1. Restricting to strands (runs of 3 or more DSSP E) lying wholly in segment 30-79: which have 2 or more residues that are buried (at least 18 other Cβ atoms within 10 Å of the Cβ)?
2. Consider residue 98 against the criteria (1) part of a loop (DSSP other than H, G, I, E, B); (2) within 23 Å of residue 2 (Cα to Cα); (3) at pLDDT below 95: it satisfies all of them except one. Which criterion is unmet?
3. Could you tell me which numbered condition residue 122 fails, if it satisfies all but one of (1) of a type in the set (A, V, I, L, M); (2) surrounded by fewer than 16 Cβ atoms within 10 Å (Cβ to Cβ); (3) in contact with a helix residue (DSSP H, G or I) (Cβ under 9 Å, 6 or more places away or on another chain); (4) touching a residue at least 40 places away in the same chain (Cβ under 8 Å)?
4. Which residue, of 87, 17, 10, is part of a helix (DSSP H, G or I) and over 16 Å from residue 119 (Cα atoms)?
5. Can you find a residue in segment 99-110 that is free of Cβ contacts under 8 Å to residues at least 40 places away in the same chain and among the polar types (S, T, N, Q)?
6. Can you tell me which residue among 21, 26 is touching a Cys at 6+ places or on another chain (Cβ under 9 Å) and surrounded by fewer than 17 Cβ atoms within 10 Å (Cβ to Cβ)?
Amino acid sequence: MDREEIFKKVLDCAFEVHSILGPGLLESVYEECLIFELQSAGLIVEKQKSLPLTYKGLLIESRLRIDILVENQIIIELKAVEELTDVHLAQTLTYLKLSGCKLALLVNFNVAHLKNGIKRVIM
């Protein structure tokens, strides 16, 4: 399955979770439900994947974690906030850079219509 096919499945799963739960819950609830949907769709998922950080050859044990990594190709960064900000986008871009992935989905579940809470991020 190519990256775009995986991405479409990821979107379908996110829309399914939002259509059932709607806005107003904690990020961790959406994360668990989305992981369930992704796995049910036959995708390989890692949650809270730690990202190593190297600074001038020094390996730093950081607390950076990808919310969800799908098929070792697509990062999903979840939010349940009033609105997405530039800081959320910067965080997602940093995760792409550090992980070597090229595609991410930044999802804010705290919206009435999920299409208004989704941002595709490409590196």
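The values are calculated or read from the model by the stated rules, or taken from the named source; none is laboratory data. Only a predicted model underlies this, so the values are computations on that prediction, with no experimental measurement involved. Backbone-built Cβ (ideal geometry, glycine too); neighbour counts: all protein chains shown.
1. 65-70, 74-79
2. So residue 98 meets the others, but not (1).
3. Of the numbered conditions (1) of a type in the set (A, V, I, L, M); (2) surrounded by fewer than 16 Cβ atoms within 10 Å (Cβ to Cβ); (3) in contact with a helix residue (DSSP H, G or I) (Cβ under 9 Å, 6 or more places away or on another chain); (4) touching a residue at least 40 places away in the same chain (Cβ under 8 Å), the odd one out for residue 122 is (4).
4. Exactly one of 87, 17, 10 is part of a helix (DSSP H, G or I) and over 16 Å from residue 119 (Cα atoms), namely 17.
5. yes
6. Working: 26 fails: touching a Cys at 6+ places or on another chain (Cβ under 9 Å).
It is 21.
Residues checked against (1) closer than 15 Å to residue 103 by Cβ; (2) free of Cβ contacts under 8 Å to residues at least 24 places away in the same chain:
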| residue | (1), (2) |
| --- | --- |
| 4 | yes, yes |
| 9 | yes, no |
| 16 | no, yes |
| 26 | no, no |
| 44 | no, no |
| 64 | no, no |
